[in-house]
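The values are calculated or read from the model by the stated rules, or taken from the named source; none is laboratory data. Please read these numbers as outputs of a predicted model, since none were measured by experiment. Here Cβ is always computed from backbone atoms with ideal geometry, including for glycine, and neighbour counts include all displayed protein chains. SASA here: full protein model, heavy atoms, side chains in, ligands and nucleic acids out. Shrake-Rupley method; radii C 1.70, N 1.55, O 1.52, S 1.80 Å.
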Amino acid sequence: MLYLGCHLSSGEGNLAMVQTANAIGANTFAFFTRNPRGSKAKKEDLQDAAAAMSAMAQAQFGPLVAHGAYTMNLCTKDPEARAFAADILFDDLRRMAALPGNYYNFHPGCHVGQGVQTGIDQICEALSRALAQDVPVTVLLETMAGKGSEIGGTFQELRAILDGVGDSRVGICLDTCHVWDGGYDIVHDLDGVLEQFQQVIGLERLKALHLNDSKNPLGSHKDRHETIGNGALGLETFRKIVNHPLLKDKPMILETPNQLPGYAAEIALLRSLEEKS
Ligand code: FE
Ligand code: FE
Ligand code: ZN
(Lines give C-alpha, C1' and ligand atoms only; values in the text may rest on other atoms or scores of the structure.)
(Ligands and ions follow the chains in the order given, each with its own letter.)
Protein backbone atom coordinates (compact mmCIF):
# COMPACT_ATOMS: atom_id res chain seq x y z
CA MET A 1 0.00 0.00 0.00
CA LEU A 2 1.37 3.40 -0.96
CA TYR A 3 0.93 6.01 1.76
CA LEU A 4 1.11 9.41 0.12
CA GLY A 5 0.37 12.84 1.50
CA CYS A 6 1.60 16.38 1.83
CA HIS A 7 1.94 19.14 4.40
CA LEU A 8 -1.46 20.42 5.53
CA SER A 9 -2.37 23.49 7.52
CA SER A 10 -3.25 22.58 11.09
CA GLY A 11 -5.41 25.70 11.50
CA GLU A 12 -8.75 23.88 11.57
CA GLY A 13 -7.53 21.00 13.71
CA ASN A 14 -6.58 17.35 13.25
CA LEU A 15 -9.93 16.00 12.05
CA ALA A 16 -10.13 18.73 9.41
CA MET A 17 -6.69 17.69 8.13
CA VAL A 18 -7.83 14.07 7.79
CA GLN A 19 -10.83 15.28 5.79
CA THR A 20 -8.63 17.44 3.56
CA ALA A 21 -6.25 14.52 3.07
CA ASN A 22 -9.16 12.30 2.02
CA ALA A 23 -10.33 14.96 -0.43
CA ILE A 24 -6.97 15.10 -2.25
CA GLY A 25 -6.39 11.35 -2.41
CA ALA A 26 -3.88 11.29 0.44
CA ASN A 27 -3.68 8.56 3.08
CA THR A 28 -1.11 10.17 5.34
CA PHE A 29 -0.07 13.78 5.86
CA ALA A 30 2.33 16.09 7.62
CA PHE A 31 1.65 19.18 9.66
CA PHE A 32 3.69 21.60 11.72
CA THR A 33 3.23 21.11 15.43
CA ARG A 34 3.49 24.88 15.83
CA ASN A 35 4.10 27.94 13.69
CA PRO A 36 6.93 26.62 11.45
CA ARG A 37 8.86 29.89 11.63
CA GLY A 38 7.97 30.71 15.21
CA SER A 39 7.24 28.77 18.33
CA LYS A 40 3.58 29.31 19.12
CA ALA A 41 1.58 26.09 19.47
CA LYS A 42 -2.15 25.65 19.12
CA LYS A 43 -4.37 24.96 22.08
CA GLU A 44 -4.61 21.23 22.68
CA ASP A 45 -7.88 19.55 21.73
CA LEU A 46 -7.86 15.90 22.79
CA GLN A 47 -11.35 15.26 21.47
CA ASP A 48 -10.35 16.47 18.03
CA ALA A 49 -7.22 14.30 18.13
CA ALA A 50 -9.26 11.23 19.06
CA ALA A 51 -11.75 11.94 16.28
CA ALA A 52 -8.87 12.29 13.82
CA MET A 53 -7.35 9.00 14.98
CA SER A 54 -10.58 7.12 14.36
CA ALA A 55 -11.13 8.80 10.97
CA MET A 56 -7.59 7.80 9.95
CA ALA A 57 -8.14 4.21 11.04
CA GLN A 58 -11.42 4.16 9.12
CA ALA A 59 -9.71 5.35 5.92
CA GLN A 60 -6.69 3.06 6.51
CA PHE A 61 -4.14 5.84 6.72
CA GLY A 62 -0.46 5.20 7.19
CA PRO A 63 1.38 6.92 10.04
CA LEU A 64 1.39 10.72 10.11
CA VAL A 65 4.70 12.55 9.95
CA ALA A 66 4.38 15.66 12.12
CA HIS A 67 7.13 18.23 11.63
CA GLY A 68 8.89 20.28 14.30
CA ALA A 69 9.31 24.02 13.76
CA TYR A 70 12.22 25.12 11.55
CA THR A 71 13.21 27.58 14.25
CA MET A 72 13.75 24.82 16.81
CA ASN A 73 17.56 24.60 16.80
CA LEU A 74 18.71 22.21 19.52
CA CYS A 75 22.37 23.12 19.01
CA THR A 76 22.20 26.87 18.70
CA LYS A 77 25.03 28.71 20.41
CA ASP A 78 23.20 30.87 22.94
CA PRO A 79 22.46 28.68 26.00
CA GLU A 80 19.13 30.37 26.70
CA ALA A 81 17.88 29.94 23.13
CA ARG A 82 19.12 26.35 23.20
CA ALA A 83 17.22 25.61 26.39
CA PHE A 84 14.11 27.17 24.83
CA ALA A 85 14.45 24.88 21.79
CA ALA A 86 14.86 21.85 24.05
CA ASP A 87 11.70 22.85 25.95
CA ILE A 88 9.80 23.09 22.68
CA LEU A 89 10.90 19.60 21.67
CA PHE A 90 9.89 18.30 25.09
CA ASP A 91 6.46 19.92 24.79
CA ASP A 92 5.97 18.76 21.19
CA LEU A 93 6.58 15.15 22.19
CA ARG A 94 4.26 15.46 25.17
CA ARG A 95 1.56 16.75 22.82
CA MET A 96 2.15 13.91 20.34
CA ALA A 97 0.78 11.55 22.98
CA ALA A 98 -2.66 12.57 21.65
CA LEU A 99 -1.68 10.96 18.31
CA PRO A 100 -0.10 7.69 19.44
CA GLY A 101 1.71 5.49 16.94
CA ASN A 102 2.60 8.34 14.62
CA TYR A 103 5.88 10.05 13.77
CA TYR A 104 7.43 13.33 14.79
CA ASN A 105 10.16 14.52 12.42
CA PHE A 106 12.55 17.42 12.94
CA HIS A 107 15.70 18.97 11.51
CA PRO A 108 18.55 17.91 13.82
CA GLY A 109 19.93 21.46 14.01
CA CYS A 110 22.63 23.90 12.91
CA HIS A 111 25.79 24.07 15.03
CA VAL A 112 26.40 27.71 13.98
CA GLY A 113 30.17 27.51 14.28
CA GLN A 114 30.32 25.44 17.46
CA GLY A 115 31.53 22.44 15.48
CA VAL A 116 29.78 19.23 14.45
CA GLN A 117 30.65 17.23 17.57
CA THR A 118 29.43 19.91 19.98
CA GLY A 119 26.25 20.21 17.93
CA ILE A 120 25.66 16.47 18.00
CA ASP A 121 26.23 16.37 21.76
CA GLN A 122 23.72 19.17 22.33
CA ILE A 123 21.12 17.52 20.07
CA CYS A 124 21.54 14.22 21.92
CA GLU A 125 21.15 15.90 25.29
CA ALA A 126 17.89 17.62 24.32
CA LEU A 127 16.50 14.55 22.59
CA SER A 128 17.35 12.24 25.48
CA ARG A 129 15.58 14.54 27.91
CA ALA A 130 12.48 14.80 25.71
CA LEU A 131 12.38 11.01 25.27
CA ALA A 132 12.60 10.44 29.01
CA GLN A 133 8.86 11.10 28.85
CA ASP A 134 6.86 8.00 28.14
CA VAL A 135 5.73 9.13 24.68
CA PRO A 136 4.08 6.63 22.30
CA VAL A 137 5.65 8.11 19.15
CA THR A 138 8.75 7.55 17.08
CA VAL A 139 10.96 10.61 16.65
CA LEU A 140 12.55 10.99 13.23
CA LEU A 141 15.75 12.83 12.36
CA GLU A 142 15.50 14.29 8.87
CA THR A 143 18.32 13.77 6.40
CA MET A 144 19.57 17.27 5.56
CA ALA A 145 21.18 18.89 2.51
CA GLY A 146 24.22 19.99 4.52
CA LYS A 147 23.52 23.66 3.92
CA GLY A 148 25.59 26.03 6.09
CA SER A 149 26.26 24.42 9.47
CA GLU A 150 23.37 21.95 9.25
CA ILE A 151 23.91 18.66 11.03
CA GLY A 152 22.48 15.54 9.40
CA GLY A 153 23.84 16.06 5.88
CA THR A 154 25.64 12.71 6.07
CA PHE A 155 24.48 9.30 7.22
CA GLN A 156 27.45 9.26 9.63
CA GLU A 157 26.23 12.36 11.48
CA LEU A 158 22.76 10.86 11.83
CA ARG A 159 24.32 7.63 13.10
CA ALA A 160 26.25 9.61 15.71
CA ILE A 161 22.99 11.10 17.00
CA LEU A 162 21.31 7.68 17.09
CA ASP A 163 24.29 6.31 19.03
CA GLY A 164 24.35 9.27 21.39
CA VAL A 165 20.67 8.88 22.25
CA GLY A 166 20.63 5.08 22.23
CA ASP A 167 16.86 4.78 22.07
CA SER A 168 14.91 2.60 19.61
CA ARG A 169 12.22 5.30 19.47
CA VAL A 170 14.47 7.37 17.17
CA GLY A 171 14.35 6.77 13.42
CA ILE A 172 15.11 8.58 10.18
CA CYS A 173 13.01 10.44 7.62
CA LEU A 174 14.74 10.44 4.25
CA ASP A 175 14.18 13.61 2.23
CA THR A 176 14.89 12.89 -1.45
CA CYS A 177 15.87 16.48 -2.29
CA HIS A 178 18.11 16.74 0.76
CA VAL A 179 20.04 13.49 0.26
CA TRP A 180 20.61 14.38 -3.41
CA ASP A 181 21.77 17.88 -2.52
CA GLY A 182 23.88 16.25 0.19
CA GLY A 183 25.71 14.18 -2.44
CA TYR A 184 23.88 10.83 -2.41
CA ASP A 185 23.13 9.88 -6.01
CA ILE A 186 19.63 8.40 -5.82
CA VAL A 187 19.13 9.11 -9.54
CA HIS A 188 21.78 6.73 -10.88
CA ASP A 189 22.31 4.47 -7.88
CA LEU A 190 19.32 4.32 -5.56
CA ASP A 191 20.25 0.79 -4.47
CA GLY A 192 23.82 1.86 -3.71
CA VAL A 193 22.58 4.74 -1.54
CA LEU A 194 20.22 2.41 0.33
CA GLU A 195 23.12 -0.01 0.79
CA GLN A 196 25.12 2.82 2.39
CA PHE A 197 22.12 3.67 4.53
CA GLN A 198 21.97 0.05 5.63
CA GLN A 199 25.68 -0.09 6.47
CA VAL A 200 25.89 3.21 8.32
CA ILE A 201 22.44 3.58 9.90
CA GLY A 202 20.47 0.36 9.35
CA LEU A 203 17.34 0.23 7.22
CA GLU A 204 15.19 -0.73 10.20
CA ARG A 205 15.57 2.91 11.28
CA LEU A 206 14.12 4.27 8.04
CA LYS A 207 10.50 5.13 8.85
CA ALA A 208 9.32 7.79 6.39
CA LEU A 209 10.25 9.75 3.28
CA HIS A 210 9.86 13.34 2.14
CA LEU A 211 9.33 13.26 -1.63
CA ASN A 212 10.74 16.37 -3.28
CA ASP A 213 12.46 16.93 -6.57
CA SER A 214 15.47 19.27 -6.43
CA LYS A 215 16.23 22.50 -8.26
CA ASN A 216 19.97 21.86 -7.93
CA PRO A 217 22.64 19.35 -8.95
CA LEU A 218 24.02 16.45 -6.91
CA GLY A 219 26.05 17.59 -3.90
CA SER A 220 25.02 21.24 -4.23
CA HIS A 221 24.10 21.53 -0.50
CA LYS A 222 21.34 23.98 -1.45
CA ASP A 223 17.94 22.57 -0.35
CA ARG A 224 15.57 24.07 -2.93
CA HIS A 225 12.59 21.79 -3.55
CA GLU A 226 11.07 21.35 -7.02
CA THR A 227 7.78 19.78 -8.08
CA ILE A 228 7.88 16.03 -8.77
CA GLY A 229 9.48 15.18 -12.12
CA ASN A 230 10.52 18.75 -12.90
CA GLY A 231 13.92 18.90 -11.25
CA ALA A 232 17.26 17.13 -11.15
CA LEU A 233 15.74 13.88 -9.81
CA GLY A 234 13.17 13.41 -12.56
CA LEU A 235 10.08 11.23 -12.74
CA GLU A 236 12.00 7.96 -13.26
CA THR A 237 13.63 8.34 -9.85
CA PHE A 238 10.22 8.65 -8.22
CA ARG A 239 8.96 5.64 -10.20
CA LYS A 240 11.82 3.64 -8.67
CA ILE A 241 11.10 4.97 -5.19
CA VAL A 242 7.36 4.21 -5.12
CA ASN A 243 8.05 0.70 -6.39
CA HIS A 244 11.11 -0.05 -4.28
CA PRO A 245 10.54 -3.00 -1.92
CA LEU A 246 12.47 -1.24 0.88
CA LEU A 247 10.59 2.05 0.49
CA LYS A 248 7.10 1.54 -0.87
CA ASP A 249 5.41 0.81 2.46
CA LYS A 250 6.70 3.93 4.25
CA PRO A 251 4.65 7.11 4.52
CA MET A 252 5.78 9.51 1.77
CA ILE A 253 5.19 13.21 2.28
CA LEU A 254 5.31 15.78 -0.51
CA GLU A 255 6.92 19.13 0.34
CA THR A 256 6.95 20.44 -3.20
CA PRO A 257 6.10 24.05 -4.09
CA ASN A 258 2.34 23.50 -4.54
CA GLN A 259 -1.10 24.37 -3.26
CA LEU A 260 -3.69 21.65 -2.59
CA PRO A 261 -4.73 21.09 -6.26
CA GLY A 262 -1.06 20.65 -7.18
CA TYR A 263 -0.58 18.16 -4.35
CA ALA A 264 -3.68 16.23 -5.44
CA ALA A 265 -2.23 16.02 -8.95
CA GLU A 266 1.19 14.86 -7.68
CA ILE A 267 -0.39 12.22 -5.45
CA ALA A 268 -2.39 10.93 -8.43
CA LEU A 269 0.76 11.01 -10.59
CA LEU A 270 2.75 9.01 -8.03
CA ARG A 271 -0.06 6.48 -7.64
CA SER A 272 -0.10 6.03 -11.43
CA LEU A 273 3.59 5.07 -11.29
CA GLU A 274 2.92 2.16 -8.96
CA GLU A 275 3.43 -1.16 -10.72
CA LYS A 276 0.77 -3.56 -9.54
CA SER A 277 2.17 -7.06 -9.27
FE1 FE B 1 11.96 19.20 6.92
FE1 FE C 1 11.93 17.60 4.20
ZN1 ZN D 1 14.14 20.96 2.34
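The table below lists the values:
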{"quantity": "Given (1) touching a residue at least 60 places away in the same chain (Cβ under 8 Å); (2) crowded, with 20+ Cβ neighbours inside 10 Å, index of the condition His221 fails", "calculated": "(2)"}
{"quantity": "Which numbered condition Arg159 misses (of (1) within 16 Å of ligand 1 (Cβ to nearest atom); (2) of a type in the set (D, E, K, R); (3) out of contact with any Asp or Glu (no Cβ under 7 Å at 6 or more places or on another chain))", "calculated": "(1)"}
{"quantity": "Extreme residue, nearest to the chain's Cα centre (by Cα), among residues of segment 158-191 that are farther than 20 Å from Thr237 by Cβ and within 16 Å of ligand 2 (Cβ to nearest atom)", "calculated": "Gly171"}
{"quantity": "Residue within segment 116-129 that is closer than 23 Å to Asp175 by Cβ, within 16 Å of ligand 3 (Cβ to nearest atom) and touching a strand residue (DSSP E or B) at 6+ places or on another chain (Cβ under 6 Å) present", "calculated": "no"}
{"quantity": "Leu260 vs. criteria of a type outside the set (Phe, Trp, Tyr), in contact (Cβ under 8 Å) with a residue 24 or more places away in the chain, away from ligand 1 (no atom under 16 Å from the Cβ) and within 26 Å of Glu204 (Cα to Cα)", "calculated": "no"}
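Here's the yes/no breakdown for (1) closer than 21 Å to Cys173 by Cβ; (2) in contact with a Pro (Cβ under 7 Å, 6 or more places away or on another chain); (3) open to solvent by 10 Å² or more (accessible area, probe 1.4 Å); (4) assigned to a helix (DSSP H, G or I):
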| position | (1), (2), (3), (4) |
| --- | --- |
| Leu235 | no, no, yes, yes |
| Lys240 | yes, no, yes, yes |
| Leu247 | yes, no, no, no |
| Met252 | yes, no, no, no |
| Thr256 | yes, no, no, no |
| Pro261 | no, no, yes, yes |
| Ala264 | no, no, yes, yes |
| Ile267 | yes, no, no, yes |
| Leu270 | yes, no, no, yes |
